[in-house]
Amino acid sequence: MIPILIKIARTGIVSEPPQQAREQWRARAAEIEARIVAILGRALVIRHVDAGSCNGCELELHALNNPYYNLEGMGIRFAASPRHADLLLVTGPVTKHMEIALKRTYAAMPEPKLVVAAGACACTGGIFGESYASCGRIANVLPVDVAVPGCPPSPTAILQGILTAISATEKKG
């Protein structure tokens, strides 16, 4: 035991140096936030609906809220109520049981309504397709503004899809 303690005392603390602040990422995040505020006049609020996915896309969505991506630092947040949402983010193929709930969620949103389909299942129906239990892709039920392919799409791709939907709103208005 004593040799180990002597070795620890001689070596000292061994760890990696702290990462340098990513200034260009911070500047880009500030630019995105300023653009969202210029377009909407406030933060972008997203209502997420899982219409029947395997939860792979949800894991990537959760990653957007971690400190690495820091979605809220860009002025984008998630809400529980569609009445407060500017954008509807849907994952998974629309199951027959979720069709009415998805339509009601869309109807409850104020104008302008943006819809982003995230993941291969939401974009094309994926391996589930259309069947007795599935309506297939989101576009079969709601008008989709942006489709983000991938199984699952990366957090960066989802963020790019969200920003593309915002840019489309800017061009309309």
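Derivation of every value follows stated rules applied to the coordinates shown; laboratory data play no part. Values in this document were obtained by computation on a predicted structure and should not be read as measured data. Neighbour counts run over all protein chains shown; Cβ positions are idealised from the backbone, glycine included.
Using modelled amide H (1.01 Å from N, peptide plane; none on Pro or chain starts), what sits under 5 Å from the amide H of VAL115, excluding residues fewer than 5 places away?
Placed amide hydrogens put LEU88, ASP145, VAL146 under 5 Å from VAL115.
Got a sec? Charge dipole of the chain, +1 on Cβ for Lys and Arg, -1 for Asp and Glu; which of ALA51, ILE76, ILE4 is way out at the positive end?
ILE4
Can you tell me the 0 to 90 degree angle between the C-alpha axis of helix 23-40 and the longest principal axis of the chain, rounded to 10?
It is inclined by approximately 20 degrees.
Counting only trypsin sites (Lys or Arg not before Pro) that are in a DSSP loop and have at most 12 other C-beta atoms within 10 Å, tell me the longest site-free stretch of the chain.
Details: sites that count: ARG22, ARG42.
With a cap of 12 other Cβ atoms within 10 Å, the longest stretch comes to 43-173.
Where the only charges are on Cβ atoms (+1 Lys, Arg; -1 Asp, Glu), what is the dipole of the range 25-172 about its Cα centre, to the nearest 20 debye?
Approximately 280 debye in magnitude.
Quick one: of the DSSP bridges fully inside the chain, what percent are antiparallel, nearest 5? Intermediate results must be reported in sequence, preceding the final value.
Details: 2 of 18 bridges.
Within the chain, antiparallel bridges account for around 10 percent of the total.
Using +1 at the C-beta of Lys and Arg and -1 at the C-beta of Asp and Glu, which of LEU142, LEU159, THR91 has the Cα lying farthest in the positive direction of the dipole of the chain?
Value: LEU159.
What number, in percent, do you get for the relative contact order of the chain if the mean sequence gap of Cα pairs under 8 Å and at least 6 apart is divided by its residue count?
20 percent
For the chain, what does the helix formula give at 222 nm: sum of -39500 (n - 2.57) over DSSP H segments with n ≥ 4, over the residue count, nearest 500 deg cm²/dmol?
-13000 deg cm²/dmol
With θ set to phi - 60° and the Karplus curve 6.51 cos²θ - 1.76 cosθ + 1.60, what are the ³J(HN,Hα) couplings of the range 126-137 in order, to the nearest whole Hz, using x for Gly and Pro?
Each residue of the range 126-137 in turn: x, 6, 7, x, 9, 8, 5, 10, 9, 7, x, 5 Hz.
Could you work out how far the C-alpha centroid of the range 106-126 sits from that of the range 1-80, in angstrom?
24 Å
Using the Karplus equation 6.51 cos²θ - 1.76 cosθ + 1.60 (θ = phi - 60°), what ³J(HN,Hα) coupling, rounded to whole Hz, does each residue of the range 154-162 give in order, writing x for Gly and Pro?
3J(HN,Hα) across the range 154-162, in whole Hz: 6, x, 5, 5, 5, 4, 5, x, 4.
Out of residues 5 or more away from THR95 or on other chains, whose amide H comes under 5 Å of its own, with H placed 1.01 Å from N in the peptide plane?
CYS135
Calculate how large, on average over all directions, the projected area of the Cα convex hull of the range 1-136 is; give the answer in nm² to one decimal.
13.7 nm²
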